[in-house]
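Worksheet: the structure to be examined is printed underneath.
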Amino acid sequence: MISVSNLRKKYDAAEALKGISFEIQKGEFFGLLGPNGAGKTTTISILSTIVEPSQGEISIAGFDLKKNPTACKKNIGVVPQEIALYNDLSAFDNLLFWGSLYQVPVEVLKKRIDEMLHLFGLYERRNEKIKTYSGGMKRRINIAAALLHQPQIIFMDEPTVGIDPQSRNLIYEVIAKLHQEGMTFVYTTHYMEEAERFCDRIGIMDNGQIIAQGTLEELKSLSKIDETIVVSFSNLDDVLFQQLATTHNSIVREDGVVRFLSSDAKADLSTVILECNRIGLSITHIDIQGVNLETIFLSLTGKQLRD
Ligand SMILES: Nc1ncnc2c1ncn2[C@@H]1O[C@H](COP(=O)(O)OP(=O)(O)OP(=O)(O)O)[C@@H](O)[C@H]1O
Ligand SMILES: [Mg+2]
């Protein structure tokens with residue numbers, strides 16, 4: 001359904017994409033996971049014909065992007081990272097505007113807008129101006145706008161960043177429904193939880209390259225490390241974490257816990273406990289777990305996925 005080969009993008013100074021390639025099958029949910037500046041938005045912008053590539057071959061739904069951009073565009077819906085809506089128009093009028101760009105007959109369009117407003121739980125507020133909406137509600141309308149011409153492929157660029165849990169869960173429900181109905185997804189995120197939850201296959205991006213791609217299982221098997229010691233503390237703060245990081249370079253901080261990468265967790269356990277005690281961290285819980293995308297990223301790049 002989508003084929004990208006040796007895609008490069010050079011901006012004046014920097015090379016944002018250094019030759020990436022991937023294939024996405026019909027109905028597949030493909031994720032691009034990577035930290036800030038990895039090149040996720042550049043990739044999405046090129047695939048949605050907003051940015052011109054410097055080099056590379058792209059085909060979407062059987063059409064060559066260079067030769068036939070209009071045909072490609074008809075098959076895709078794009079949810080950009082930055083919300084694109086008119087603040088002084090109502091949600092309904094915004095959707096009418098975005099839908100009309102795709103030449104959907106107006107009666108059909110109005111019906112679809114109503115369906116979308118119901119799907120995203122905003123039908124009751126359809127006549128209120130977008131400027132009265134919360135960030136999460138705007139996001140929902142932004143996604144609805146991308147679906148009005150019923151594309152078979154959707155690109156979503158970090159659609160859940162900085163929104164309330166209620167909106168996020170609703171968006172997750174819609175995403176799961178669309179995926180189940182057979183839509184093809186290209187989804188960028190720097191949340192490993194989202195990638196693990198939704199993606200059939202994941203491309204791990206860093207610094208303009210896809211450094212590994214495959215199913216979650218395939219990525220796990222690539223990792224040189226297969227165990228992690230997960231420690232919870234009662235007094236973890238930035239200073240103590242930094243102190244820990246100076247002695248241990250293979251650690252990741254997640255919400256309230258620290259994960260130590262290890263090739264033999266049982267053998268390393270006592271060292272980890274002693275080190276934590278030495279710098280005054282008080283342990284409340286210890287667990288030995290497998291790897292996740294965060295630790296795979298760390299073992300591949302030496303960096304944390306999240307800042
Ligand atoms: N218009 C531009 N001009 C110059 N450099 C750019 C431009 N757009 C992006 N870049 C650079 O290209 C690189 C990749 O940026 P991109 O926005 O694709 O990353 P990203 O993975 O989407 O990051 P984020 O998670 O912050 O959204 C960065 O180094 C960025 O500074
Ligand atoms: Mg981006």
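Elements of the type helices (runs of 4 or more DSSP H) sitting completely within the range 1-102 and holding at least 3 residues that are more than 21 Å from Cys199 (Cα to Cα): these cover 69-74, 91-100.
Among the helices (runs of 4 or more DSSP H) confined to the range 230-307, the ones with at least 1 residues that are among the aromatic types (Phe, Trp, Tyr) and surrounded by 11 or more Cβ atoms within 10 Å (Cβ to Cβ) are located at 238-247, 293-301.
Restricting Gly62, Gly34, Gly19 to those that are assigned by TED's automatic domain parsing to the domain that holds Glu196 and away from ligand 1 (no atom under 16 Å from the Cβ) reduces the list to Gly62. Evaluating Thr184 against the criteria (1) of a type in the set (Val, Ile, Thr); (2) touching a Lys or Arg at 6+ places or on another chain (Cβ under 7 Å); (3) not assigned by TED's automatic domain parsing to the domain that holds Ile76 leaves one unmet condition, (3). The set of residues from the range 1-16 being among the hydroxyl-bearing types (Ser, Thr, Tyr) and more than 15 Å from ligand 1 (Cβ to nearest atom) comprises Ser3, Ser5.
Cβ-Cβ distances below 6 Å connect the following pairs, each with a first residue in the range 26-50 that is touching a residue at least 24 places away in the same chain (Cβ under 8 Å) and farther than 27 Å from Thr70 by Cβ, a second residue that is assigned to a helix (DSSP H, G or I) and more than 13 Å from ligand 2 (Cβ to nearest atom), and a separation of six or more residues or different chains: Gly31/Ala195; Leu33/Ala195. Of the residues making up the range 116-125, those that are in contact (Cβ under 8 Å) with a residue 12 or more places away in the chain and surrounded by fewer than 18 Cβ atoms within 10 Å (Cβ to Cβ) are Gly121, Arg125.
In the range 97-115, the residue that is least open to solvent (accessible area, probe 1.4 Å) out of those that are touching a Lys or Arg at 6+ places or on another chain (Cβ under 9 Å) and modelled with pLDDT of 95 or more is Ile113. For the range 141-170, give me each residue that is in a helix (DSSP H, G or I) and touching a Ser or Thr at 6+ places or on another chain (Cβ under 6 Å). Listed by number, the list holds a single entry, Arg168.
Okay, residues lined up against (1) in contact with a strand residue (DSSP E or B) (Cβ under 8 Å, 6 or more places away or on another chain); (2) modelled with pLDDT of 90 or more:
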{"residue": "Ile204", "(1), (2)": "yes, yes"}
{"residue": "Gly208", "(1), (2)": "yes, yes"}
{"residue": "Ser234", "(1), (2)": "yes, yes"}
{"residue": "Thr246", "(1), (2)": "no, no"}
{"residue": "Val252", "(1), (2)": "yes, no"}
{"residue": "Gly256", "(1), (2)": "yes, no"}
{"residue": "Ser262", "(1), (2)": "yes, no"}
{"residue": "Leu269", "(1), (2)": "yes, yes"}
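Identify the residue in the range 182-197 that is farther than 11 Å from Leu32 by Cβ and hydrophobic (A, V, I, L, M, F, W, C) and, among all such residues, is surrounded by the most Cβ atoms within 10 Å (Cβ to Cβ). Residue satisfying both the conditions and the ranking: Met192.
Reported count of residues in the range 42-95, each being open to solvent by 50 Å² or more (accessible area, probe 1.4 Å) and within 16 Å of ligand 2 (Cβ to nearest atom), is 4.
The values are calculated or read from the model by the stated rules, or taken from the named source; none is laboratory data. None of these values were measured; they are calculated from a predicted model. So basically every Cβ, Gly included, is an ideal-geometry build from the backbone, and we count neighbours across all protein chains shown. Accessible surface areas use protein heavy atoms only, side chains included; no ligands, DNA or RNA. Shrake-Rupley method; radii C 1.70, N 1.55, O 1.52, S 1.80 Å.
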